[in-house]
Structure formats: C-alpha cells, structure tokens
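The values are calculated or read from the model by the stated rules, or taken from the named source; none is laboratory data. In this text, all values refer to a predicted model and were calculated from it rather than measured experimentally. Cβ placement follows ideal geometry from the backbone for every residue including glycine, while neighbour counts extend to all protein chains displayed.
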Amino acid sequence: MKKWIHAATDRGQKASGCSFDFDLGDNYDPSYIESAISDILSELGAGDYLGIDFRSVEYLGNKVYSQCGFDYVAPGAPDDYDGRALFEAALESKVQEFIEDEGGNFFGMDFYSL
C-alpha cells in the first residue's frame with residue numbers, strides 16, 4: 001500500500017477515488033481542471049487531496065475522449081455509507097457542472113475505494 005494511503009487509513013479515514021470521462025476538445029489545460037477538482041473537493045468538505053491523472057479512453061466507434069481520475073479522503077466516518085452516497089452525488093454534480101460550464105460534455109463518473 002502506498003505511503004499516502006497508509007497516512008489516510010491510519011487516521012481512521014478512507015481513501016477513495018473516482019474517474020470521469022469528458023470531452024473538452026483536444027486543447028484543454030489539465031492544471032486548470034486539477035485546480036477546479038481541488039476546489040470542488042474542498043468545498044464539499046473532503047479531506048486530503050491525494051493525486052490526479054489524465055488519460056485518453058476509446059469508446060465504441062473509435063471515438064477517443066479524455067478521462068480524469070483522482071484520489072481523495074472522503075469526509076465523514078469510513079462506514080457512513082449514506083453520507084458517502086450523498087457526498088458522491090454532490091461531487092458528480094459539481095464536476096459535471098464544471099465541465100459543462102467550460103463548454104464540454106460530461107459522460108459519467110465511477111467511484112472506488114483504495
């Protein structure tokens with residue numbers, strides 16, 4: 001297990017992550033998106049922001065879109081599943097709103113635990 005995951009779990013917190021697929025054209029600024037994601041997580045009360053990455057994904061029909069994945073420490077107790085579901089719904093809504101405000105298309109978000 002990576003050192004930063006240990007740090008989160010040693011404090012009784014649960015490291016989580018998600019990824020979302022989007023289309024902002026070919027020339028988007030990853031650092032701008034990273035800053036927005038960090039702001040959204042902070043606004044929603046998430047703990048430590050742990051990392052982010054970008055990659056291309058190929059859909060059926062040879063369409064290539066972008067994917068952003070990021071890891072974070074979710075707010076609340078690790079076993080608060082109702083609270084986590086509310087947080088995840090709010091996070092997805094805020095990220096979708098951001099992408100669409102930038103003129104892009106948001107295709108969906110998947111969550112996972114680390």
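What to note about this one:
- Leading residue by the ranking (modelled with the lowest pLDDT) among those in segment 65-84 that are assigned to a strand (DSSP E or B), closer than 15 Å to Gly17 by Cα and of a type outside the set (Asp, Glu): Val73
- Test for Ile99: is it among the β-branched types (Val, Ile, Thr) and over 14 Å from Cys18 (Cα atoms): yes
- Positions within segment 10-26 being in a loop (DSSP other than H, G, I, E, B), at pLDDT 85 or above and either touching a Phe, Trp or Tyr at 6+ places or on another chain (Cβ under 7 Å) or farther than 20 Å from Ser93 by Cβ (or both), in sequence order: Gly25
- Taking the numbered list (1) modelled with pLDDT of 95 or more; (2) acidic (Asp, Glu); (3) not in a strand (DSSP E or B) in turn, Asp110 passes all entries but (3).
- Residue-level analysis places Gly104 among those that are over 14 Å from Gly17 (Cα atoms) and in contact with a Phe, Trp or Tyr (Cβ under 7 Å, 6 or more places away or on another chain).
- Answer from Asp53, Asp39 - the residue that is under 17 Å from Gly17 (Cα atoms), among the acidic types (Asp, Glu) and part of a strand (DSSP E or B): Asp53
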